[in-house]
Each structure stands twice: as structure tokens, then as C-alpha cells.
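Below is one structure, written out as C-alpha cells; the observations come after it.
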Amino acid sequence: MLVDAEAPVRINSPWEHLKARDNWDKPAVVDDHNCHLIVQTMEAWFIPDIATLKKFYGQDFKEN
């Protein structure tokens, strides 16, 4: 699973970070190898390319 970290990660376990940040419970059948956190600056890679976002989402894209 790939999840946006939404904040700096100061905990070694991705599941501990998600519990502390968003109160997510780790499913019993998974471990830390099943969860990967996206770095907080990842959003900055997507936002500048408005033309590509418009092309991808078409009329459903809300530029504001």
C-alpha cells in the first residue's frame, strides 16, 4: 500500500506513523513491508504541471 505521509515522518514504522497521524489501525495480516509512505514534498511534483492534470482529468479537473 502506498500512502501519502501528510507530515514529516519521525517514527520508524509506517504503521506507527499512520496510527499517530490519522488513527489508522494496522490490519493483523500485514507488516511494515506492506505499507510505504510517500514523502511530504511529493505533491509539489504534481501541482506545477496544470496542463497535464487538465489533460488527464478532462472536464472533471477543478483548477481552483
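Every number here is computed from the coordinates shown, using simple stated rules; none is lab data. Here the structure is a predicted model, which is why all the values come from computation and not from measurement. Quick reminder, even Gly has a Cβ in these numbers, built from the backbone with ideal geometry, and neighbours come from all protein chains shown.
Table: residues versus (1) basic (Lys, Arg); (2) part of a helix (DSSP H, G or I); (3) closer than 23 Å to PHE61 by Cβ.
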residue	(1), (2), (3)
VAL9	no, no, no
ASN12	no, no, no
GLU16	no, yes, no
LYS19	yes, yes, no
ALA28	no, no, no
LEU37	no, no, no
TRP45	no, yes, yes
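Which of the residues spanning region 43-57 are exposed (fewer than 12 other Cβ atoms within 10 Å of the Cβ) and under 18 Å from the mean Cα position of the chain (by Cα)? Across region 43-57, the qualifying residues are GLU43, ALA44, TRP45, PHE46, ILE47, PRO48.
Please pick out the residue among ASP25, ASP4 that is surrounded by 11 or more Cβ atoms within 10 Å (Cβ to Cβ) and at negative phi. Spell out the reasoning first.
Working: ASP25 fails: surrounded by 11 or more Cβ atoms within 10 Å (Cβ to Cβ).
Testing whether each residue is surrounded by 11 or more Cβ atoms within 10 Å (Cβ to Cβ) and at negative phi leaves just ASP4.
Candidates are the residues of region 28-42 that are under 12 Å from the mean Cα position of the chain (by Cα) and surrounded by 11 or more Cβ atoms within 10 Å (Cβ to Cβ); the one that is nearest to ASN64 (Cα to Cα) is MET42.
Of all residues in region 7-27, those that are more than 13 Å from GLN40 (Cα to Cα) have Cβ atoms under 7 Å from Cβ atoms of residues that are part of a helix (DSSP H, G or I), 6 or more apart or on another chain, in ILE11/HIS17; ILE11/ALA20; SER13/ASP32; PRO14/ASP32; TRP15/ASP32; TRP24/LEU18; ASP25/LYS19; LYS26/TRP15.
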